[in-house]
1. Can you sort Trp122, Trp153 by how many other beta carbons sit within 10 Å, fewest first?
2. With θ set to phi - 60°, apply the Karplus curve 6.51 cos²θ - 1.76 cosθ + 1.60 along segment 127-144 and write out the HN-Hα couplings as whole Hz, x wherever there is a Gly or Pro.
3. List, in order, the whole-Hz ³J(HN,Hα) value for each residue of segment 111-125 obtained from phi through the Karplus relation with A = 6.51, B = -1.76, C = 1.60 and θ = phi - 60°; use x for Gly and Pro.
4. Taking a threshold of 20 Å on the Cα-Cα distance, which of the pairs Lys120/Lys158; Lys127/Lys155; Lys102/Lys128; Lys108/Lys172; Lys92/Lys127; Lys120/Lys155 fall above it?
5. Please report, in debye to the nearest 20, how large the charge dipole of segment 45-106 is about its Cα centre when each Lys and Arg carries +1 at its beta carbon and each Asp and Glu carries -1 there.
6. Can you give the charge dipole size of segment 110-183 about its Cα centre, rounded to the nearest 20 debye, using +1 on the beta carbon of Lys and Arg and -1 on the beta carbon of Asp and Glu?
Amino acid sequence: MQSKNLLMSLALCLLMSPAARAEDEPSWIKDTSGIGRDDHGVVRSDQFLEMGAATPGCLQLEGESLLRMGDLDRAITVLQKAVEQAPLDMDKRILYTQALQKKLISQKPKDPKLYNFLVKQWFFIYKKAEFPDQVLQGKQNILNLTGRLPTLWDKPQKFLSQVLLPEDGSEKVSIGKKRLAEK
């Protein structure tokens with residue numbers, strides 16, 4: 001008798017479960033597949049920003065994608081947000097700085113504020129990165145931009161005062177060895 005009551009209550013619970021009730025609903029209520037869309041239900045990476053899933057990692061992936069597609073200004077904006085959300089993540093900062101450097105190289109005439117910002121970013125990466133490859137990237141890019149490296153005895157302010165340009169445009173921006181030759 002007790003097992004019969006147990007079976008009856010189990011059957012009643014199954015009938016009242018959401019899975020059992022779903023059969024009563026028409027299939028089109030929950031079906032959102034493909035009507036009016038050409039993407040076949042696939043969410044593109046740029047849609048993450050619109051959907052509010054803008055984590056630093058998501059922003060980094062979107063920035064990389066935009067760089068590959070050649071949309072430099074939008075890539076810089078997205079990567080800037082990634083760096084703002086995760087300021088000590090050197091991978092994001094390196095990608096952001098590389099995008100800015102592409103912009104500087106393509107400029108005619110070159111913006112001294114952007115040049116100074118790049119030097120400071122690469123210097124930060126050089127000093128604060130944990131991994132040797134990141135430190136080397138920072139060091140190499142400082143050399144490529146300024147034509148020189150900080151010595152062991154150079155304090156950050158001293159080095160930066162020697163390599164940064166006046167931002168009023170009074171001095172033309174030249175990059176690397178050309179800059180050393182002009183001095």
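1. Working: Trp122 26, Trp153 7.
Neighbour counts put them in this order, fewest first: Trp153, Trp122.
2. Once rounded to whole Hz, the list reads 7, 10, 5, 8, 9, x, 5, 6, 4, 5, 4, x, 4, 5, 6, 4, 4, 5.
3. Going residue by residue, I get 7, x, 5, 5, 4, 4, 4, 5, 4, 5, 5, 5, 5, 4, 4 Hz, with x marking Gly and Pro.
4. On the way: Lys120/Lys158 13 Å; Lys127/Lys155 11 Å; Lys102/Lys128 23 Å; Lys108/Lys172 11 Å; Lys92/Lys127 16 Å; Lys120/Lys155 13 Å.
Long pairs (Cα-Cα over 20 Å): Lys102/Lys128.
5. With only Lys, Arg, Asp and Glu charged at Cβ, the dipole is about 240 debye.
6. Magnitude of the dipole: close to 180 debye.
Read-outs throughout are calculated quantities, based only on the coordinates presented, and are distinct from any laboratory measurement. The structure displayed is predicted, hence computed values, not measured ones. Methodologically, a virtual Cβ is constructed for each residue, glycine included, from the backbone with ideal geometry; neighbour enumeration extends over all protein chains shown.
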